[in-house]
Amino acid sequence: RLGDRHHHAAGAAHARAGATDDGGIEVIVVDSGSSGDTAAWMAQVDGLRYHRRAGDDGGISDVVHACNAGAALARGEFLVFLDPHAIPQPGWLEALLGTFDAHPDTGLAGAQLLSADGRLQQAGSVVFADGSVASCGRFASPDDPRHAYLHDVDACSGAALAVPRALFASLGGFDPRYAPAGCHDTDLAFAVRAAGLRVRVQPASRVLYDEGRAVAADVLARNRALLVRKWADTLHAYPSPG
């Protein structure tokens, strides 16, 4: 997903470089109304499939519809969603996709997200009964034994996650009611578990991540309320906030 500044395209380029050269990787860049000459030069980058959508309203990009648009174009067995602010580290993709081979009951796998200083931003997240979410391991070392093993989590950030394409399609993709963004990745994790599969974070897959522009507070509050209504029967068993 490409935003409205030129440097966002670096995420896709780094993703390609950090993947493999066996010809089995399809990189799709979805442009949600970037400015300047992005459309002209992105279409010329080898190994990228470039798709331009109608522009957003000048606020945060419509992540939900952009990701769904990219997924609809994909042909591979797995979908890997990568935020334009994310810079994958060597071996990230093989480790992330390897989760599904080693643990076939996995329906969604997320990467460890690291800050520029090397500390954890997130090793998955925990969800509370009111729909709020807290990052696991924030500011810890990515090698901290509490976080550096493959484990189940309540949700994974949409900044770097993988899901089987057929499963994603059967679930209807990211629920468009969460557009433009916020809680859509948490909702997907709940849908994956409702389908009888597990949500895991893969610590061998590491991605540097600049969190970028935040979702507006009113949009986030609206989407959290939607999450609570949609999954009320599940969330009542989750812990209280804090």
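The values are calculated or read from the model by the stated rules, or taken from the named source; none is laboratory data. Everything numeric in this text was worked out from a predicted model, so none of it was measured. All Cβ positions, glycine included, derive from the backbone under ideal geometry; neighbour counts span all protein chains shown. The area values use the complete protein model at the heavy-atom level, side chains included, leaving out ligands, DNA and RNA. Shrake-Rupley method; radii C 1.70, N 1.55, O 1.52, S 1.80 Å.
This model, with +1 at the C-beta of Lys and Arg and -1 at the C-beta of Asp and Glu, gives the stretch 164-242 a dipole about its Cα centre of some 180 debye.
Calculated FRET efficiency, LEU150 to ALA40, Cβ-Cβ distance, R0 = 51 Å: about 0.75 to the nearest 0.05.
Quick one: grab the alpha carbon gyration tensor of the stretch 94-188, order the square roots of its eigenvalues as a ≥ b ≥ c, and give me rounded if a/c is under 1.5, else prolate or oblate depending on whether a/b is larger than b/c. Walk me through the numbers on the way to the answer.
Values: a/c = 1.92, a/b = 1.24, b/c = 1.56.
Oblate shape, in that a/c is at least 1.5 and b/c is the bigger or equal ratio.
For ALA140, the residues whose amide H sits under 5 Å from its own are LEU120, ignoring neighbours fewer than 5 places away on the same chain, with H placed 1.01 Å from N.
Using a 1.4 angstrom probe with every protein chain in place, what is the largest-first accessible-area order of LEU197, LEU96?
Numbers: LEU197 50, LEU96 0 Å².
Correct descending sequence by accessible area is LEU197, LEU96.
Each residue of the stretch 81-88 is assigned a 3J(HN,Hα), and the resulting list reads 8, 9, 5, x, 8, 9, 10, x Hz, derived from the Karplus form 6.51 cos²θ - 1.76 cosθ + 1.60 (θ = phi - 60°), x at Gly and Pro. Projecting label points 7 angstrom from Cα along Cα→Cβ for ASP218 and SER115 puts them 3.1 nm apart. Between ALA43, SER115, VAL219, the Cα set farthest toward the positive side of the dipole of the chain (charges on each charged residue's Cβ, about the Cα centre) is that of VAL219. Between ARG229 and ALA54, the distance separating the two model label sites (each 7 Å from Cα on the Cα→Cβ line) works out to 2.4 nm.
Less than 5 angstrom separates the built amide H of ASP31 from those of LEU2, HIS51, ARG52, ARG53, all sequence-distant by 5 or more or on a different chain.
For the chain, the membrane-span-like helix rule (DSSP H, alpha carbon extent of at least 18 Å along the helix axis, mean Kyte-Doolittle at least 0.0) picks out 217-230; this says nothing about an actual membrane.
Take 104-116, 129-141 and order them by the average number of nearby Cβ atoms within 10 Å per residue, most first; the result is 104-116, 129-141. Computed in the context of the full set of protein chains, the accessible area of the chain at 1.4 Å probe radius has 54% of its extent on carbon or sulfur.
Quick one: in the chain, what % of C-alpha pairs are over 33 Å apart?
Working: 3396 of 29161 pairs.
Value for the chain: 12 percent of Cα pairs lie more than 33 Å apart.
Take every DSSP beta bridge whose two residues both sit in the chain; close to 55 percent of them are antiparallel.
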